[in-house]
Amino acid sequence: MKKIACIVLTLLCLSAVAMAESVPSRTTTDLTTVTVTAENMPADATFAIIPITQVDPEEMTPEMQVLVDACNTEISKLNEGGSVVDYFGEVTNADGEVVSLTEMLDAETINVYEFFPVTVVNFNVAYGEATATMVFSTPYEEGQIVAVLIGIVTEGSDGTQSVAWQVFEGVGTSAEEDSGVRVTFTPEILEQIQNGTALMAVVSR
């Protein structure tokens, strides 16, 4: 498994864990794009899911720095060794049920291909579920099942960081849609992202 690079000020997350040898390494010009729709979203809504993958140093805010630091801490843990399953630990779905990532993906070995901070702006729970179509530099096959994990970060009184991971099933889109991933998020997790410190990871075979 290739190690993911820790974040520097000019690049917030190089999402490159366990990349296939045939896939080029990421560069600072790689960007992640997300388009979103929601069940009851008004036409003039400005709701957005924002992956923080690149930023101009002059635009770095204290809020962004918190996300960067949280992501770097988890990247270090992931790089310490052991399996991806061991790193994520107990993962639950939107109903609070424990999910086995290997069973979900029907694979003995799984890899992390994307890992970055994420934020949500201008979301209202009245919008209901939201479907995001995300395009990464990593191509995904049409119909491919992937695990999209949202990690809500908390810090204990002793300064120790912990992450509660919730998993959603993503599906690879067609080449006409840039071979991305489509996933539907619950309003509850979107509200948690908006009001807290959150990370996103995409895991697949």
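May I ask for the equivalent-ellipsoid semi-axes of segment 33-106, computed as the square root of five times each C-alpha gyration tensor eigenvalue and listed largest first in whole Å? Don't skip to the answer; put the middle values down first.
On the way: eigenvalues 160, 113, 21 Å².
They are 28, 24, 10 Å, listed from largest to smallest.
Could you please state how large a percent of the accessible area of segment 46-174 is carbon and sulfur, counting protein chains only and using a 1.4 Å probe?
Working: 2750 of 6020 Å².
Answer for segment 46-174 is 46 percent, counting heavy atoms of protein chains only.
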Exercise for review: Give the accessible surface of segment 144-205 per residue, rounded to a whole number of Å², with probe radius 1.4 Å and ligands, DNA and RNA excluded.
Suggested key: 41 Å²
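For segment 120-205, run through the GluC sites (Glu not before Pro) and keep only the ones in DSSP coil with at most 14 other Cβ atoms within 10 Å of their Cβ.
Values: sites: E129, E141, E142, E155, E169, E176, E177, E188, E191; in loops: E129, E141, E142.
Here the GluC sites (Glu not before Pro) that fit, given the DSSP loop and packing criteria, are E141, E142.
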Revision key, fill the gap. The ratio Rg/Rh over the Cα atoms of segment 118-205, Rh being the Kirkwood inverse mean 1/r radius, stands at 1.03
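On full extension of the chain, what length is gained from A45 through M64, given 0.36 nm per residue of separation minus the C-alpha to C-alpha distance?
Details: separation 19, 0.36 × 19 = 6.84 nm, distance 2.33 nm.
Working it through step by step, the gained length comes to 4.5 nm.
The values are calculated or read from the model by the stated rules, or taken from the named source; none is laboratory data. Computed from a predicted model, the values in this text were never measured in an experiment. A quick note on method: Cβ atoms are made from the backbone with ideal geometry, for glycine too, and the neighbour counts reach across all protein chains shown. Please note that ligands, DNA and RNA were not included when accessible areas were found on the heavy atoms of the full protein model with its side chains. Shrake-Rupley method; radii C 1.70, N 1.55, O 1.52, S 1.80 Å.
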